[in-house]
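Trainee: The structure's right below; bear with me while I get my questions together.
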Amino acid sequence: MPQNENALSKDDFDKEFERVLDMIYSIGLKLYRGNEEDASDFVQSVYLFALKKLSKFSGRSALSTWLYRVAWNFGLEDLRRKKRLVTETIENFEIASEDTEPEFDETEIDSLRHHVATLPDQYRIPIILFYYENMSYSEMVAMTGIKEGTLKANVHRGKAILRKQMGR
């Protein structure tokens, strides 16, 4: 690892990674539809990948922010590579509904979780990023590399699919 003024020691990296471990595991659960084994493998892979890329950490943000972005990007790329389309439900998926009109009861929330989990990745991931992670479209563009118009269209189409599946 090249030395620069922002270079971190492996011990510092390990301490910070340990601190954000639950956050990275949570990302893995979201991306891998609640599969705990895949989420654990994801955490290990992100650790190795981030450690290898640590020299690219510029210090312009907190290390935890950089690790969060690395984890999402690594996971999205892994999904693209594997083209995973599984149908298990996402555990603990909750859509932030501050601005939404309808209220959902527990049965509807469970149904929504199931239907979101069955969406193709091109719709499921933008919906998770937008509603669950509360990301703006510009943040989503920076993270995924997908054009803003495409993300907006995919969120819109994903919501339309969900409405149709849920009979709304």
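Trainee: Please report, in Å, the Rg and the Dmax of the stretch 106-165, where both are computed over Cα atoms only.
Mentor: In Å, with Rg to one decimal and Dmax whole: 11.5, 35.
Trainee: Follow-up question, since we're still on this one. Loop-only check: which trypsin sites (Lys or Arg not before Pro) in the stretch 32-68 are DSSP coil with at most 15 other Cβ within 10 angstrom?
Mentor: Here the trypsin sites (Lys or Arg not before Pro) that fit, given the DSSP loop and packing criteria, are Arg60.
Trainee: Something else: Binning at 5 angstrom from zero up to the longest distance, how are the C-alpha pair distances of the stretch 10-82 distributed in percent?
Mentor: 3, 17, 31, 26, 14, 7, 2
Only the coordinates and a few stated rules stand behind these numbers; no lab work does. Just so we're clear, the structure is a prediction, and the values are computed from it rather than from any experiment. Counting neighbours? That spans all protein chains shown, and the Cβs are built from the backbone with ideal geometry, glycine included.
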